[in-house]
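To start, the structure itself, in structure tokens.
Please treat every number below as a calculation from the coordinates, not as lab data. What you see is a predicted model; the values in this text were computed from it and never measured. Note: ideal-geometry Cβ built from the backbone for every residue, glycine included; neighbour counts use all protein chains shown.
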């Protein structure tokens, strides 16, 4: 019996294990950090399933493959299909027009439409509503995958994977840089805040020339704020400038956020290849699945399907990097 050993229990590793198990494979998972938690990069994600918005500065596969993620996740965890609202202050309307030129799949909205979608947003005359987009709670999604896999008989090992293992699928993110030398870290910074005074029901993006903000509702007055993508290997601390700009941008959305409690500050390094697209590479008995960049939840399903195709059927999806394999 062939046993596939997945290394890493972040969104990539759990998605790969889920896809393999769904196809009848025997799977075990190794992660010294244990079950999903703050030690993992994907714990700090926004969880936006927003392929049309992301296409504003991403390659075509992000739009095409990202659309398939909505159904994949909806079969495994709670997904809120409420769309994404993009707004800009009057002085930043050129940024809104630029965003519209680079994307599609939206409805143009004005003040009354915005008020109907999100009554607690005021002072925005124009926006874009991406009606088919969705979002999920990353922490719930990771835990749902984890517990479903355990019920399916997948064994999780809280130890490093033994060197002598065969049929290994390496999903360790930046920890695989010794083998994936063109992998780099892109720093992300985020805040979790509680503000019962403001109610938003869907992800909102505020376009701003210095720091485009996204805010994602988590329920019970809790929100995740994120924006930054810094080419840096330093993942220890958030910068004061980023903290100030995140909170200032939230305040610009609704002054009520000035009364918010800061519950958590998160900093992570997202693994990325030079073109910011994920790659699957096979070397000997090991398959590497990596490079999700800022599209972890959006592209993890396509990455997992590509790994399962390669591992179980020797079928090469578009993510298989033949030149570097």
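Just to be sure I understand: if I project the alpha-carbon convex hull of segment 168-220 onto a plane and average over all orientations, what area do I get in nm²?
Details: hull surface 26.7 nm².
Seen from a random direction, the Cα hull of segment 168-220 projects 6.7 nm² on average.
Could you work out how much longer the chain between residue 264 and residue 60 gets when fully extended? Use 0.36 nm per residue separation minus the Cα distance between them, nm to one decimal. Extra length from residue 264 to residue 60 when fully extended: 70.1 nm.
With Cα atoms defining each centre, segment 21-38 and segment 62-108 are spaced 30 Å apart in the structure.
Ranked for footprinting exposure by Cβ neighbours inside 10 Å, fewest first, 120, 112, 170 give 112, 120, 170. Principal semi-axes of the equivalent ellipsoid, √(5λ) from the alpha carbon gyration tensor of the chain, are 35, 20, 18 Å from largest down. Against the main long axis of the alpha-carbon atoms of the chain, helix 93-102 sits at an angle near 40°.
Can you tell me how segment 53-199 classifies by the Cα gyration tensor, rounded, prolate or oblate, using a/c under 1.5 as the rounded cut?
Values: a/c = 2.40, a/b = 1.86, b/c = 1.29.
Since a/c reaches 1.5 and a/b is larger than b/c, the shape of segment 53-199 is classed as prolate.
For the peptides 237-243, 216-222, the ranking by packing is 216-222, 237-243, with the highest mean count of neighbouring Cβ atoms within 10 Å listed first.
Between residue 116 and residue 201, what length in nm is gained on full extension when 0.36 nm per residue of separation is reduced by their alpha carbon distance?
Working: separation 85, 0.36 × 85 = 30.60 nm, distance 1.14 nm.
29.5 nm is the gain from fully extending residue 116 to residue 201.
Please report, in whole Å³, the volume per residue of the convex hull around the C-alpha atoms of segment 129-225.
Values: hull volume 19.8 nm³, N = 97.
Measuring per residue, one finds 204 Å³ for the Cα hull of segment 129-225.
Take 87-96, 157-166 and order them by the average number of nearby Cβ atoms within 10 Å per residue, most first; the result is 87-96, 157-166.
Which percent, to the nearest 5, of DSSP beta bridges fully inside the chain are antiparallel?
Around 70 percent antiparallel, to the nearest 5.
Is the C-alpha gyration tensor of segment 182-303 telling us rounded, prolate or oblate? Criteria: a/c under 1.5 is rounded; beyond that, a/b larger than b/c is prolate, otherwise oblate. If you can, show how the numbers build up before the last one.
Working: a/c = 2.60, a/b = 2.00, b/c = 1.30.
Because a/c hits 1.5 or more and a/b exceeds b/c, segment 182-303 counts as prolate.
Extension gain for residue 82 to residue 241 (0.36 nm times residue separation, less C-alpha to C-alpha distance): 54.1 nm.
Can you figure out the FRET efficiency of residue 90 with residue 181, using R₀ = 35 Å and their beta-carbon distance, to the nearest 0.05?
Between residue 90 and residue 181 the formula returns 0.15.
When you restrict to C-alpha pairs under 8 Å that are six or more residues apart and normalise by the size of the chain, the relative contact order lands at 24 percent.
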